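Peer 1: Below is a structure I'd like to ask you about.
The values are calculated or read from the model by the stated rules, or taken from the named source; none is laboratory data. Every value quoted in this text rests on a predicted model; they were computed, and no experiment measured them. Cβ placement follows ideal geometry from the backbone for every residue including glycine, while neighbour counts extend to all protein chains displayed.
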Amino acid sequence: MNNRLSDIVSLCQSLAKEGKKPSVGLVRSRAGGKLSIPETIKGIQSWQAQPNQVIKINHSIEQTPPPVSLEVRVALLEKQVLELTTRLATVLASNEE
């Protein structure tokens, strides 16, 4: 088993221990989006065939922390919109001169 496949199976095992069913989206998000869809599917299929297989742990795919709360994310996006709106108004005002 190659390293990437081992990493994916390891991610599937850790998700299963958390009580979550591994899916392509969930595995890819935990891997930080560094995986292609086909290789993620192969890894999940390998894990489903042998969920308790022993994997030599390779940390080449770092697990990302869970995303921030929805409220925090919305607040950050609102701040970005405000900053961009201000910058746009400044650019438009300078072009009118």
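Peer 1: Assuming S23 fulfils every condition listed in (1) under 18 Å from S6 (Cα atoms); (2) modelled with pLDDT under 90 apart from one, which condition is it?
Peer 2: Going through (1) under 18 Å from S6 (Cα atoms); (2) modelled with pLDDT under 90 one by one, S23 breaks only (2).
Peer 1: I would also like to ask the following. Any residue that is at pLDDT below 90 and among the polar types (S, T, N, Q) - is there at least one of those in the stretch 72-89?
Peer 2: Within the stretch 72-89, not a single residue is at pLDDT below 90 and among the polar types (S, T, N, Q).
Peer 1: Among what's in the stretch 31-68 and is of a type in the set (G, A, S), loosely packed, with under 11 Cβ neighbours inside 10 Å and modelled with pLDDT under 85, pick the residue that is nearest to V9 (Cα to Cα).
Peer 2: S60
Peer 1: Something else now. Specify the residue that is surrounded by the fewest Cβ atoms within 10 Å (Cβ to Cβ); the eligible residues are those in the stretch 8-28 that are touching a residue at least 12 places away in the same chain (Cβ under 8 Å) and assigned to a loop (DSSP other than H, G, I, E, B).
Peer 2: S23
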